[in-house]
Structures are given as structure tokens and as C-alpha cells.
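The values are calculated or read from the model by the stated rules, or taken from the named source; none is laboratory data. Keep in mind that what you see is a predicted model, and the values were worked out from it rather than measured. Neighbour counts run over all protein chains shown; Cβ positions are idealised from the backbone, glycine included. Only protein heavy atoms, including side chains, enter the accessible area calculation; ligands, DNA and RNA are left aside. Shrake-Rupley method; radii C 1.70, N 1.55, O 1.52, S 1.80 Å.
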2 protein chains.
Amino acid sequence: MNEAAAFQALTVETLPARLGSVEALASRIGADSSRWKVAEVGDGNLNLVFIVTGEKAAAIVKQALPYVRLVGESWPLPLKRSFFEYHALTRQAARAGAGSVPEIFHFDKGQSLIVMEYLTPHVILRRALIDGRMLPNIAADLGLFMARTLFRGSDLSMTARARKEDLALFADNVELCDITENLVFTDPYYEATLNRHTSPQLDALVAELRADRDLKVEAQKLKHMFAANAETLVHGDLHSGSIMVTDGDTRVIDPEFAFYGPMAFDVGMLLANFWMSFFSQSGHEANGERETMRAYLLGVVVETWAVFRAEFSHLWRTERTGMLYDRRLFEDRGDPLGSEQALDRVLHAIWVDMLGFAGVEVHRRILGLAHNADFETIADENVRATCEAKALKFGRHICVNRHRIHGLDEINLLAVRIEKGTVS
Amino acid sequence: MNEAAAFQALTVETLPARLGSVEALASRIGADSSRWKVAEVGDGNLNLVFIVTGEKAAAIVKQALPYVRLVGESWPLPLKRSFFEYHALTRQAARAGAGSVPEIFHFDKGQSLIVMEYLTPHVILRRALIDGRMLPNIAADLGLFMARTLFRGSDLSMTARARKEDLALFADNVELCDITENLVFTDPYYEATLNRHTSPQLDALVAELRADRDLKVEAQKLKHMFAANAETLVHGDLHSGSIMVTDGDTRVIDPEFAFYGPMAFDVGMLLANFWMSFFSQSGHEANGERETMRAYLLGVVVETWAVFRAEFSHLWRTERTGMLYDRRLFEDRGDPLGSEQALDRVLHAIWVDMLGFAGVEVHRRILGLAHNADFETIADENVRATCEAKALKFGRHICVNRHRIHGLDEINLLAVRIEKGTVS
């Protein structure tokens with residue numbers, strides 16, 4: 001395909017003819033494109049996603065559209081997000097290992113399409129958690145993924161020049177950052193037109209949160225950090241809908257929101273989605289049979305954070321080749337404890353900010369435009385509202401009190417108490 | 001001059017022929033370039049600076065060299081720093097007023113030269129302070145300059161797209177940032193080859209500081225912030241040698257280190273240079289006649305910070321048009337106190353970080369490569385070392401204790417006590 005050709009959205013019908021000559025695809029799935037079977041399976045908010053099955057195998061073709069798919073042409077969104085997704089995927093594969101993301105077979109910038117590995121029998125993690133499945137590896141896999149991508153994309157590891165060149169490249173991903181800036185950090189905290197919430201059940205609580213000065217100031221401080229603190233290449237949308245799993249495999253997908261931002265953002269968004277899953281479980285059970293699942297989810301939070309900390313610390317001690325926390329000031333002059341003190345401080349800063357980002361993520365999923373299936377699939381609105389109210393209060397607490405919270409024991413205990421109704 | 005021509009350094013002899021046809025210069029100083037008088041006056045570390053005097057007037061021609069002038073061709077430095085200086089000057093003029101920086105007459109990117117206003121009878125502020133001159137306007141002028149440039153170059157004022165485009169442009173100023181990252185934040189805290197200090201007088205104290213774990217961790221945390229927190233366009237080298245003054249006029253010059261960094265950096269560097277001037281005064285007096293000058297300098301610190309705060313607060317209330325601390329969450333829904341609470345928090349963060357940057361700036365001027373004339377012009381090495389030792393201890397205190405210091409009264413009192421020797 002000619003990269004200079006004008007953009008044209010693929011369809012199930014046109015795909016074989018248009019991509020039949022792409023060697024990277026044909027050699028993998030089967031050269032006879034007339035026998036390809038194509039299904040459009042995009043269930044996200046933004047893009048077209050096709051499964052293309054040939055005689056030998058299948059692959060995914062993901063194509064951006066010049067607008068937000070969920071909303072339509074009235075909300076334009078640039079095609080270049082595909083370019084950022086491609087570059088983020090290659091960096092994540094290099095930093096966290098090829099098996100942490102889908103393999104890329106082909107990228108066509110002009111047509112904004114990526115041909116990549118078809119993950120099977122993987123399912124979306126969010127869906128698995130709604131179904132009550134306890135995945136054994138997600139905490140370890142995702143803790144490692146975050147530690148490796150966030151450490152290795154920062155001045156702790158890269159040369160200053162390499163990071164700044166990459167920072168400049170991703171600075172152009174302004175429209176997708178703008179979505180996060182508005183939909184995550186701002187809209188949920190006032191009566192924005194795109195918002196919705198379970199009404200009238202949550203009306204009073206929502207009004208209370210939107211009048212909560214401490215919460216709003218904190219959320220805006222976090223937005224300030226999100227926009228200004230360009231310390232590493234973050235995934236930018238690392239929730240349980242951006243992760244595909246089997247019992248043995250975990251893959252992080254859809255990094256089109258990637259940009260240079262704060263390390264704590266990915267961590268906070270991910271843990272928030274585990275906590276939301278926790279609070280949503282009672283909407284998916286009849287007789288308390290999700291108790292084990294709830295315990296599992298709090299355990300996943302603890303383990304994800306522990307693995308993240310351990311791996312980040314390991315990389316700090318063994319791979320700190322960038323300009324920050326220069327070894328010549330510490331290890332090289334016989335002061336390894338100085339380096340440990342600095343590490344402790346860096347991890348503490350991530351911890352404090354992670355709690356804030358987690359709180360905001362919980363709020364925007366219940367008060368804003370983009371809700372999540374954990375709550376949305378609870379048919380009974382009263383039950384759903386009860387789950388959502390608990391999550392909202394939990395989110396408010398960890399966001400506003402983030403500087404005063406010392407560990408996950410404290411937070412998970414709070415989650416249990418809110419869930420049981422012993423605190424409100 | 002053809003912009004595509006290969007770079008060639010100007011000389012006193014070649015300048016008239018090479019720039020005679022630059023209309024913006026000729027029309028200002030006099031068209032007959034054969035009658036121009038040219039003097040090379042560069043006393044900085046990096047560039048060529050010429051005063052060109054024609055029949056009508058004079059102008060400054062500043063040209064970058066492909067290496068560090070102070071060191072020679074063994075330390076290459078890219079010519080593009082002139083491009084960043086030009087762009088920083090235009091932004092500062094737009095944001096802080098044309099009278100805050102020299103007027104630019106002409107910029108030649110290929111030859112890396114800027115033709116600009118000749119400031120007369122201005123002198124370098126550092127020189128004036130060494131001479132014991134009490135400039136009446138510097139605190140007000142510099143407080144306003146910082147508040148206006150730092151506020152208006154951030155997401156508090158700009159659109160996200162405009163700031164990110166500018167961020168990407170200045171991200172290429174990587175070599176000059178690298179100088180700061182090494183010479184300010186790292187080298188002073190270990191035995192780097194480029195370092196020097198007054199020896200043997202300061203040897204014991206220098207060894208103590210380089211073994212001071214809390215100090216080193218703090219300095220590295222500040223470096224992390226310097227490199228990662230891209231919240232606004234900073235001058236990047238705002239010390240008293242980058243300011244030209246008369247009693248009635250204050251101009252900020254030489255912004256070639258400009259990049260998107262933390263607001264507190266410029267403020268901290270400037271105040272540090274006032275404090276260093278304070279501690280150096282006893283090296284320039286015979287019988288305590290600089291007592292008034294010392295009181296003046298502490299007053300300048302207080303007033304600069306007060307004006308900065310007041311103007312920043314004014315802009316917050318009247319010009320907060322960017323995406324941060326959105327008015328729809330506060331003022332627009334009848335919660336102006338929420339906005340004030342957020343302002344207080346932003347100013348407090350600048351305060352805390354400013355103290356850290358100030359402490360580091362003091363250290364690097366005494367322990368690192370680039371010393372300053374305040375101390376260097378004290379001929380008696382014992383006297384100089386006594387002044388420097390006081391400044392070093394002061395710098396250590398404000399850097400390490402920055403989260404626990406509540407106001408300038410406390411700091412200035414400490415400065416007075418260290419100066420008098422009542423605390424050490």
C-alpha cells in the first residue's frame with residue numbers, strides 16, 4: 001500500500017484487497033487474501049479493530065478514524081494517534097520484554113493502521129474480573145511491566161538527549177492528553193455536559209463531591225502534575241480494559257494515550273481499576289459468593305505494588321545509568337545508603353501521587369463520560385448506585401488524604417469497611 | 001547576509017563588512033558601515049559580544065561560538081543556543097513587557113547572531129552589588145518579571161497545544177540543560193575534575209558537604225525536578241550576572257539556557273545570588289561600612305518574593321485562562337475560596353522548591369566550575385573563605401530544611417546570625 005495515499009477507512013469488504021499485498025501480514029496468516037475472513041470487533045471508544053483470519057493463522061488490524069468512534073464525526077480526533085501507539089508499543093516491548101505487549105507485524109502511518117498479533121484465547125482483564133475469574137499472574141506481570149517501562153523511559157535510565165527527543169516526539173500527542181485532562185481531571189468535578197451518573201440515586205453524593213473544596217483542589221493539583229511532570233513515557237490509559245489475559249499470559253494493549261508524564265499515573269490508574277472491581281463485585285453476586293474474589297482483588301493490589309516496588313528498586317541498584325541520582329555521589333564513593341535513601345524518597349513520591357491519581361480515576365469512571373463495565377453491567381440501578389457510592393467515597397478518601405496514608409494495609413482495611421458498611 | 005552561508009565567527013575587523021547590509025542595524029546606528037567602531041566586550045563564558053557604534057547610535061551584536069569560550073574548542077557547544085536565546089527573548093518581551101529585556105533588531109540563525117539594543121548606562125547587577133550600590137527598583141522589577149514570565153509561559157495561561165509545541169521546540173536545547181544538570185546539581189557534590197574551591201581553607205567543610213547524605217539526596221531530588229517538571233518556560237540562568245541595571249531600569253539578558261522547567265528554578269537562583277551578595281559584602285568592606293548594604297540585600301530578597309507572590313496571585317485571579325485550576329470548578333460555581341486555596345498551595349510548592357534551588361545555586365558557585373565575582377574579587381583568600389563558608393552553611397540549611405521553613409523572616413534571621421558568627 002502506498003503510504004502517501006489518502007487515508008481511507010477499511011471495511012470488512014475492502015480489507016483483503018487493500019492489505020493482501022502486505023507481505024508481513026500475508027506471510028503470517030496465509031498468502032491467498034481472497035480466502036481471508038474478516039470480522040470487525042472494535043468495542044473500544046475510538047478505533048476500528050479487525051480480526052483477519054487466513055489459511056494459516058489470524059492477525060489484528062487496528063485502524064484509527066479521524067473522529068471518536070463512540071461519538072461520531074462531530075468529535076474529530078487526529079489519525080496520528082496510531083503513530084503514537086506504534087511508537088509506544090515498540091518502546092514497551094524493548095523495555096518490558098516482547099511478551100508484555102502484542103507483537104507488531106506492520107505499521108502504515110498514512111493509513112494509520114497497525115497490523116499486530118492476534119491474542120488468543122485472551123480476554124479483556126476487566127471482563128474476566130467481572131466474571132469473577134482469579135488470574136494468578138496479573139499482579140506480578142503488571143508490577144514488572146510498570147516498573148520496567150516507567151524506570152527505563154526516564155532519566156534514571158535514558159540519556160538526557162534521548163529522553164528529550166522522545167519527549168518532543170510525544171509532545172505532539174496533544175489531543176489525546178487533552179481528552180485525559182478534561183475527562184479525567186476536570187469534567188467529573190463540575191456539571192459538564194458530557195457527564196452522567198446513576199441518577200437520582202447518586203445525586204446528593206455527586207453534589208457533595210462537586211462542592212468538596214479539598215477534593216477539587218487536590219484533583220487540580222494532580223492535573224497540574226499530569227500536564228507538567230514529564231518524567232517518563234507512560235502508557236496513559238492503563239486500566240483493566242487495556243489488558244488482555246489468559247491464566248498464564250498478560251498483555252498490555254492500546255497505548256495510544258502514551259506521552260511523557262508522571263510515573264505515578266499508570267500505577268494509580270491500574271490500582272484504581274482493581275479497587276473499582278472490588279466495589280463492583282457485590283453487584284455480580286447473589287449470596288456473597290464473591291467474598292473470595294474480593295479478597296483476591298485486594299491481594300492483587302498489594303502484590304502489584306510490592307512487585308512494582310521490588311523491581312523498581314532492583315533496576316535502581318543495577319541499571320541506574322541515566323543522569324539522575326548519579327552513582328558518583330553515592331555508590332562510587334562508598335555511600336550506597338545515600339542511594340537507598342534517595343530510592344526510598346522517589347518511591348514514596350510515587351506512592352503519594354499514585355493514591356491521588358487512583359482517587360481521580362475512580363471518580364471519573366462514575367461521574368464522567370467514560371464509565372466502566374464493572375459498574376455498568378450491574379442491571380439493578382439501586383444495587384449499582386450502592387456499589388458506585390462506596391467507590392466514590394473511597395476515591396475521595398485516598399485522593400484527599402494521600403499525604404497522610406502510609407500503606408496498603410490501611411487502605412485495604414478501609415475498602416473492606418466501606419464495603420461492609422461499617423464506615424460510610 | 002545569506003542565512004545559508006556557513007557559520008563564520010565575526011571579528012572586530014570583519015563585522016562592518018559582514019553586517020553593513022543588515023538594514024535593521026544600519027538604519028539604527030548609521031548607514032555608513034565604514035565609519036562603525038567595533039569593540040569586543042564579551043566577558044561571559046560562552047559567546048562573542050560586540051558593541052558596534054555608528055554615527056547615530058550603538059548596538060550589540062552577540063554571536064555564539066561552536067564551543068565554550070571560557071574553555072576553548074575542546075568543549076564543543078552547539079550554535080543553536082542562539083536560536084533559543086532569540087526565542088526566549090521574544091517570549092519574555094511578550095510576557096513581561098518589552099522594557100524587561102533588550103530589544104531585538106535582527107536575528108540570523110545561520111550565523112547564530114542576534115543584533116540587539118545597546119543598554120547604556122547600564123551595568124551588570126552583580127558588579128553594582130559588589131560596589132555596594134543600592135538599586136531602588138530591582139526587587140519590584142524582577143519580582144514582576146518572574147511572576148509574568150513564569151505564569152504566562154505555563155498551562156495556567158497558555159493553551160495546552162501552544163505550550164506543548166513550545167516545549168518540543170525548547171526540548172532541543174539539551175546541551176545547555178546538560179551544563180546545568182552537571183555543573184549545578186552534580187559536580188559540586190563529588191570530586192569532579194572541573195571543580196575548584198578556595199583551598200586549603202574550605203577543604204574540611206567541602207569534604208563534610210560531599211559526605212552529607214541528606215544534602216546530596218536533596219540536591220538529586222531537585223535535579224530530578226529540574227529535568228522532569230516542564231511546567232513553564234524558565235530563563236534558566238537568572239543570576240545577578242544576567243541582569244543589567246541603572247537606578248531606574250532593569251533588564252534581564254542572556255536567556256540562552258531557557259527551557260521548560262520548574263517555576264521555582266528562576267526564583268531560587270535569583271534569591272541565592274542576593275544571599276551570596278549578602279555573605280560576600282564583608283569581603284568588600286574595611287570597617288563594617290557595608291552594614292546598610294547587607295540590610296538592603298535582605299530587604300531585596302523579601303521584596304522580590306513579595307512582589308512575585310502578589311503579581312502571581314493577581315494573574316491567577318485575572319488571567320487564569322489555561323487548562324489548570326479551571327474556573328468552572330471554582331469561581332464559576334461560586335467557590336472563589338477554592339481557587340484561593342489552590343493558589344496558596346501552588347505558591348507554597350514554589351516556595352519549598354525555590355529554597356532548594358537556592359541552596360544548590362549557592363553551593364555550585366563556591367564548589368563547582370563557575371564561581372562568581374562576588375566572592376572571586378575578594379583578594380584575601382582567608383577573608384574570601386570565611387565569606388564562602390558562611391554561604392555554604394546557609395545554602396545547606398535552606399536546601400535540606402526546605403520543607404520545614406515557613407518564611408523569609410526565619411531565613412534572613414539565620415543569615416544575619418551566620419554572618420555575625422552567633423551560629424555556625
>> So the label point sits 7 Å from Cα along the Cα-to-Cβ vector; using that for A:VAL12, what distances do you get to the other copies, in nanometres, sorted shortest first?
In response: 8.3
> What list of whole percents do you get for P(r) of the stretch B:299-424, with Cα-Cα distances grouped in 10 Å bins up to the one holding the largest distance?
Replying inline: 11, 33, 27, 17, 10, 3, 0
>> Could you report the accessible area of B:ARG148 in Å², rounded to 10, computed with a 1.4 Å probe on the protein chains as they sit in the structure?
In response: 70
>> Just checking the output field for B:320-332: average partner chain Cβ neighbours within 10 Å of each residue's Cβ?
In response: 5
> If we hang a label 7 Å off Cα along the beta carbon direction at A:ALA373, how far is it from the matching labels on the other copies, in nm, shortest first?
Replying inline: 7.0
> To the nearest 10 Å², what's B:LYS80's accessible area with a 1.4 Å probe?
Replying inline: 60
>> Show me the helices of chain A, taken as full DSSP H stretches, that run 30 Å or more along their long axis by Cα and average 0.0 or above in Kyte-Doolittle hydropathy.
In response: A:291-318, A:336-367
> Around A:ALA98, with a cut-off of 13 angstrom between Cβ atoms, what is the net charge of the other residues, counting Lys and Arg +1 and Asp and Glu -1?
Replying inline: +1
> What does the charge dipole of the stretch A:222-350 about its Cα centre add up to, to the nearest 20 debye, if the Cβ of each Lys and Arg holds +1 and the Cβ of each Asp and Glu holds -1?
Replying inline: 360
> Any residues in the stretch A:222-242 that have 10 Å² or more less accessible area with all protein chains than in their chain alone, probe 1.4 Å, and which are they?
Replying inline: A:LYS223, A:HIS224, A:ALA227, A:ALA228, A:ASN229, A:ALA230, A:GLU231
> How big is the equivalent ellipsoid of the stretch A:123-420 along its three axes, where each semi-axis is √(5λ) from the Cα gyration tensor, reported in whole Å from largest to smallest?
Replying inline: 32, 21, 18
> Relative to the isolated chain, which residues of the stretch A:135-184 have their accessible area cut by 30 Å² or more in the presence of all protein chains (1.4 Å probe, heavy atoms, no ligands or nucleic acids)?
Replying inline: A:ARG161, A:LYS164, A:LEU167, A:ALA168, A:ALA171, A:VAL174, A:GLU181
> Per 20 Å bin from zero, what fraction in whole % of the C-alpha pairs of the protein assembly as shown is there, up to the bin with the longest pair?
Replying inline: 14, 42, 32, 11, 1
> At the nearest 100 Å², what buried accessible area, both sides summed, do you get for B and A when the probe is 1.4 Å?
Replying inline: 4800
>> Among A:356-366, B:325-335, how do they line up by average Cβ neighbours within 10 Å per residue, starting with the highest?
In response: A:356-366, B:325-335
>> Could you check the spin-label model distance between A:VAL71 and B:HIS403? Points 7 Å from the Cα along Cα→Cβ, value in nm.
In response: 4.0
> Would you list B:SER112, A:SER33 from the most to the least accessible area, probe 1.4 Å?
Replying inline: A:SER33, B:SER112
> Can you give the accessible area per residue of chain B, in Å², using a 1.4 Å probe?
Replying inline: 36
> Semi-axes, largest first, in whole Å: what does sqrt of 5 times each Cα gyration tensor eigenvalue give for the stretch B:73-138?
Replying inline: 26, 18, 11
>> Between A:ALA140 and A:GLU103, what's the calculated FRET efficiency when r is the beta-carbon distance and R0 is 25 Å? Round to 0.05.
In response: 0.75
> Rg and Dmax of the stretch A:185-281, using alpha carbons, in Å: what are they?
Replying inline: 15.8, 45
> What net charge do the residues around A:VAL416 carry, taking every other residue with its C-beta under 15 Å from that of A:VAL416, with Lys and Arg at +1 and Asp and Glu at -1?
Replying inline: +2
>> Quick check on the protein assembly as shown: helices-only [θ] at 222 nm, where DSSP H runs of length 4 and up contribute -39,500 (n - 2.57) each and the sum goes over total residues. Nearest 500, please.
In response: -16000 deg cm²/dmol
>> Nothing charged except the Cβ atoms of Lys and Arg (+1) and of Asp and Glu (-1): what's the magnitude of the dipole of chain A about its Cα centre? Round to the nearest 20 debye.
In response: 460
> Can you list, shortest first in nanometers, how far A:ASN287 lies from the same residue in the other copies, with each label 7 Å from Cα toward Cβ?
Replying inline: 10.1
> So how do A:119-125, B:315-321 stack up, highest first, on mean other-Cβ count within 10 Å?
Replying inline: A:119-125, B:315-321
> Accessible area, 1.4 Å probe, largest first: how do A:SER82, B:SER74 sort?
Replying inline: B:SER74, A:SER82
>> At 1.4 Å probe size, with the rest of the protein present, what percent of the exposed accessible area of the protein assembly as shown is carbon and sulfur atoms?
In response: 52
> Where does the stretch A:127-198 land on Rg/Rh, using Cα atoms and the Kirkwood Rh?
Replying inline: 1.13
> Magnitude of the Cβ-charge dipole of the protein assembly as shown, K/R +1 and D/E -1, about the Cα centre, nearest 20 debye?
Replying inline: 300
> Using the Cα atoms as the points, what is the convex hull volume per residue of the stretch B:355-424 in Å³?
Replying inline: 86
> How would you order A:289-302, A:179-192 from highest to lowest mean count of nearby Cβ atoms within 10 Å?
Replying inline: A:179-192, A:289-302
>> Need the list of lysines near B:LYS164 for cross-linking: C-alpha distance under 26 angstrom, and skip anything on the same chain fewer than eight residues off.
In response: A:LYS80, A:LYS109, A:LYS164, A:LYS216, A:LYS221, A:LYS223, B:LYS80, B:LYS109, B:LYS221, B:LYS223
>> How large is log10 of I(q)/I(0) for the stretch B:1-133 at q = 0.15, 0.18, 0.21 Å⁻¹ when the intensity is taken from the Debye formula with one equal scatterer per alpha-carbon?
In response: -0.77, -1.09, -1.38
> How big is the accessible area of B:SER34 in square angstrom, nearest 10, if you roll a 1.4 angstrom probe over the protein chains?
Replying inline: 100
>> Using the Karplus curve 6.51 cos²θ - 1.76 cosθ + 1.60 with θ = phi - 60°, what ³J(HN,Hα) values do you get for each residue of the stretch A:110-116, in whole Hz, with x for Gly and Pro?
In response: x, 8, 6, 10, 10, 9, 9
> Other chains near A:185-195: what is the mean number of their Cβ atoms within 10 Å of each residue's Cβ?
Replying inline: 3
> How much of the calculated P(r) for the stretch B:87-229 lies past 17 Å, in percent of all Cα pairs?
Replying inline: 76
> Among residues other than A:ARG152 whose Cβ falls under 9 Å from its Cβ, what is the net charge (Lys/Arg +1, Asp/Glu -1)?
Replying inline: +2
